[in-house]
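Asker: Sending over a structure as structure tokens; questions will come in a sec.
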Amino acid sequence: MGVETHWRWDRAFLIQQNIGRFNKSMQGHHGPWFYYLISIFAGMLPWSVFLPQTFTALWARRRRLSMECPADTFMLIWAITWVAFFSLSATKLPSYVWEVYPPLFVLLAAHFQKIVSAQLIPGQRGAMISLGTLFFLGLALTIFAGWIVPRLEPHLPSMAMVGLPFMLVAVIAMVFARRGRWTGVLITLGAGAITLAALLVLAITPMANKVKPSRRMGERIALVQGDQPYTLASWQWFQPNFLFYAGREAMPIHHLQHLAELPQILRNGTVYLVCPATDVSRVSVNIPASYRFQTVMTRYEIYDHEKIALLRITPKT
């Protein structure tokens with residue numbers, strides 16, 4: 001790859017996308033030092049409500065842990081090292097610590113296995129607190145997604161159903177926990193996790209995608225342009241997924257720094273340009289008389305909270 005790109009790819013990947021992201025926040029992705037403690041807890045729900053009990057049990061046998069169970073020690077080192085390293089990074093995203101999920105799930109599974117096999121008797125109070133926390137998290141999520149989010153972002157519909165699986169499984173799991181039926185607790189939590197995943201994929205994600213214009217813009221370009229060549233350009237707006245959906249293979253995109261650069265790009269033929277809808281008139285003024293433009297699509301974009309226009313600029317015949 002380095003040879004093919006004259007080492008530009010390597011410099012961008014290593015220096016900019018790795019070292020640069022670690023040293024400086026990029027694209028607004030930042031957070032406090034405890035960012036990953038919250039994101040991991042949220043990402044591992046509903047199981048993460050039992051992480052406190054798991055770590056408490058590990059702490060109780062800390063002096064003999066490395067000798068009696070080196071696997072648990074390894075999982076702890078794995079998780080702590082990864083979280084500590086990325087907590088120091090200036091750029092933070094939940095996906096950076098996905099590699100922490102396997103060791104934490106292994107520790108949770110080992111903890112539950114001891115409970116199911118009666119090697120460990122869990123405190124009922126702690127279980128009730130964990131499941132109660134899950135219920136109130138589901139309630140908070142329902143309120144946030146159902147009422148607060150639509151107020152902050154009117155283009156999004158109510159998604160109140162997102163917290164219902166947590167609330168329902170928390171109540172059912174409490175009944176099982178009070179009776180000491182821990183296998184029932186695990187099956188209930190598993191069913192809740194699967195239900196939530198299906199809800200996110202089949203209902204929530206399609207709702208959110210409606211306010212992300214890149215995919216529809218790419219589909220429109222493919223429909224209108226067919227196999228004919230074209231060039232992509234952007235002015236005052238860009239999302240990486242736009243290039244993914246609107247481009248072909250390794251197609252570049254021209255990010256205009258000044259609208260005076262537009263005539264030079266138009267020499268390549270048909271140009272599809274994205275910009276805020278409020279800037280369409282400014283762009284049109286800088287299009288030479290020998291070209292014509294058409295607003296192919298205007299869609300609201302959730303990240304920048306504004307309407308984005310897709311323009312098709314072609315030479316006059």
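The values are calculated or read from the model by the stated rules, or taken from the named source; none is laboratory data. Worth saying up front: this structure is predicted, and the values here are computed from it rather than measured. Positions of Cβ are backbone-derived with ideal geometry, glycine not excepted, and every protein chain shown enters the neighbour counts. The accessibility values were calculated without ligands, DNA or RNA, using every heavy atom of the protein model including side chains. Shrake-Rupley method; radii C 1.70, N 1.55, O 1.52, S 1.80 Å.
Asker: Please enumerate the residues belonging to the range 35-54 that are among the hydrophobic types (A, V, I, L, M, F, W, C), in contact (Cβ under 8 Å) with a residue 24 or more places away in the chain and either within 16 Å of Pro102 (Cβ to Cβ) or open to solvent by 80 Å² or more (accessible area, probe 1.4 Å) (or both).
Answerer: Passing the criteria: Leu37, Ile40, Met44, Trp47, Leu51.
Asker: Given the criteria in contact (Cβ under 8 Å) with a residue 40 or more places away in the chain, open to solvent by less than 70 Å² (accessible area, probe 1.4 Å) and closer than 25 Å to Met26 by Cα, does Ser234 qualify?
Answerer: In short, yes.
Asker: Report the residue count in the range 5-48 for those that are at pLDDT below 85 and touching a Ser or Thr at 6+ places or on another chain (Cβ under 6 Å).
Answerer: Counting residues in the range 5-48 that are at pLDDT below 85 and touching a Ser or Thr at 6+ places or on another chain (Cβ under 6 Å) gives 4.
Asker: State whether one or more residues within the range 260-275 are open to solvent by 40 Å² or more (accessible area, probe 1.4 Å), over 17 Å from Lys212 (Cα atoms), in contact (Cβ under 8 Å) with a residue 12 or more places away in the chain and among the polar types (S, T, N, Q).
Answerer: Yes, the range 260-275 has at least one match.
Asker: State whether the residues of the range 65-73 include one that is of a type in the set (Val, Ile, Thr) and either under 29 Å from the mean Cα position of the chain (by Cα) or open to solvent by less than 60 Å² (accessible area, probe 1.4 Å) (or both).
Answerer: yes
Asker: Turning to a different aspect of this structure: Tally time: how many residues in the range 111-129 are open to solvent by 80 Å² or more (accessible area, probe 1.4 Å) and under 10 Å from Gly180 (Cα atoms)?
Answerer: Within the range 111-129, residues that are open to solvent by 80 Å² or more (accessible area, probe 1.4 Å) and under 10 Å from Gly180 (Cα atoms) number 2.
Asker: Quick check: anything in the range 151-160 more than 30 Å from Lys212 (Cα to Cα) and open to solvent by 20 Å² or more (accessible area, probe 1.4 Å)?
Answerer: Checking the range 151-160: not a single residue is more than 30 Å from Lys212 (Cα to Cα) and open to solvent by 20 Å² or more (accessible area, probe 1.4 Å).
Asker: Contact list please: Cβ distance under 8 Å, first residue in the range 10-21 and assigned to a helix (DSSP H, G or I), second residue of a type in the set (Val, Ile, Thr) and open to solvent by less than 70 Å² (accessible area, probe 1.4 Å), pairs at least six apart or on different chains.
Answerer: Arg21/Thr91
Asker: Take the residues in the range 85-104 that are in contact with a Phe, Trp or Tyr (Cβ under 7 Å, 6 or more places away or on another chain) and surrounded by fewer than 18 Cβ atoms within 10 Å (Cβ to Cβ); name whichever of them is nearest to Ile172 (Cα to Cα).
Answerer: Only one residue tops the list, namely Glu99.
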